[in-house]
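Inspection log for the structure reproduced underneath, given as structure tokens.
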């Protein structure tokens, strides 16, 4: 009898459990009918962007509840100032009061430690030397061994004075006075072979794309016997690096030579200037576009375009984005709008912030022909906002969910400043380093072209420069600008 009673009691308890589950389902269904916008007890993701600090794990939080404060991240040379609601650090998150009502991202704030200076070392493509954190009054340690570069000899570490006095050799016996960057200085081991009789007076008018500016300027310096350095003109460190010629080696009569003869009109305008006779020769990352060809046809002009170097067309993301590789198919789906969330490609659950460049810009045309092939990219609203290649790095650096494109040589040598700390990503598992360009194993290889009008006088200095850029004598200079010579 007792056995029967126990059995009945157990069944009775089971019936109660089943009834409770059914009642809960009914109540939930009723609630859902009243509100389709939010489920009761929804679980949201809280992610922590450490902005250069140690990684902090994701958290799951129920709607309306507080977040558990994680252990503070660590970053060399900096003090942690708290977690902020915005990437521009306007409002701190209050772990004692603020509650989660949606997927949430918090951003780590940092303040450089007092009396601690950061010394960064900039050498050459593929050369990575760790930054040093030095207390005020102490000295930096000269990197050992010295960096090596094929075909060049290392001359030492130089400080950018942000003016036209060029660089000064850094004495490692001196205390570090401030945050600073030291640049490796090199000289070519081979004797330079130039163009006979070329001068300031007869130098042709050269134009081109932003990415070709260093090559155009270095070529002029070498052909005219002017020393030069990589640097940030006028002291604006958060701008593109370029080639700064030694003003003492430019005759006073030609003081504006680099403003008048070496132009940077960007790709589309450079082609138009060449067609209209306002430039003798141009260097660009692409060939003539359809509308530029229409303009040339209307003017009765044909162009000769010759590839002289290769480069990688790359995609960049924010340094706090965990995605480090995409496939060609994923890239195309991102730009056609089929992939809209980073979680679809192995990243966080966050909407993609897709950037592109204006139509007819050099990189945008290369993007369409090299990457998209016959696919039409969406007309993203940001397209007209990035009107310069430098703007790509400004926008990517300020948006953790952003993606855009640029050229490898531009990123490595021109966009070198704190605002350019955004990583290149691999495509199909192949990282866009120089060896991948040389072997052409990286999927998106672009070509640097030199272009002239077909009616250019073969006895002119412009034609001689065109011939020189195609010759073996130019290859060392092309390599110096981060490109892979043909």
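Here, each number is a calculation from the coordinates, and none is a lab measurement. Quick caveat: nothing in here was measured; it's all calculated off a predicted structure. Reconstructed Cβ throughout: ideal geometry from the backbone, glycine too, with neighbour counts over all protein chains shown.
Estimated from the Cβ-Cβ distance and a Förster radius of 22 angstrom, the FRET efficiency linking residue 71 and residue 325 is about 0.15. Rounded, prolate or oblate for segment 170-329? Axes are the square roots of the Cα gyration tensor eigenvalues, ordered a ≥ b ≥ c, and the cut-off for rounded is a/c under 1.5. In terms of gyration-tensor shape, oblate. The residues 444, 407, when put in order of fewest to most other Cβ atoms within 10 Å, stand as 444, 407.
With neighbour counts taken as other beta-carbon atoms within 10 Å, the residues 465, 352, 378 rank, fewest first, as 378, 352, 465. Which of rounded, prolate or oblate describes segment 43-112 when judged by the alpha-carbon gyration tensor and an a/c cut-off of 1.5? Prolate, because a/c is 1.5 or more and a/b exceeds b/c.
Normalised by 2.2 N^0.38 Å, where N counts its residues, the alpha-carbon radius of gyration of segment 257-321 equals 1.41. Descending by average beta-carbon neighbour count within 10 Å, the peptides 84-90, 203-209 line up as 203-209, 84-90, the highest first. Packing order of peptides 329-338, 70-79, highest average first: 329-338, 70-79 (average count of other Cβ atoms within 10 Å over each peptide's residues).
Taken along the Cα-to-beta-carbon direction at a fixed 7 Å, the label points for residue 188 and residue 155 span 1.4 nm.
Under the classification rounded if a/c is under 1.5, otherwise prolate if a/b is larger than b/c and oblate if not, where does segment 197-486 fall, given a ≥ b ≥ c as square roots of the Cα gyration tensor eigenvalues? Verdict is prolate for segment 197-486. Normalising the average separation of contacting C-alpha pairs (under 8 angstrom, six or more residues apart) by the number of residues puts the relative contact order of segment 197-486 at 27 percent. With Cα atoms defining each centre, segment 57-90 and segment 344-411 are spaced 29 Å apart in the structure. Fewest-first ordering of 449, 459 by other beta carbons within 10 Å of each residue's beta carbon gives 459, 449. Highest average first, the peptides 102-113, 391-402, 146-157 ordered by how many other beta carbon atoms sit within 10 Å of their residues are 391-402, 102-113, 146-157.
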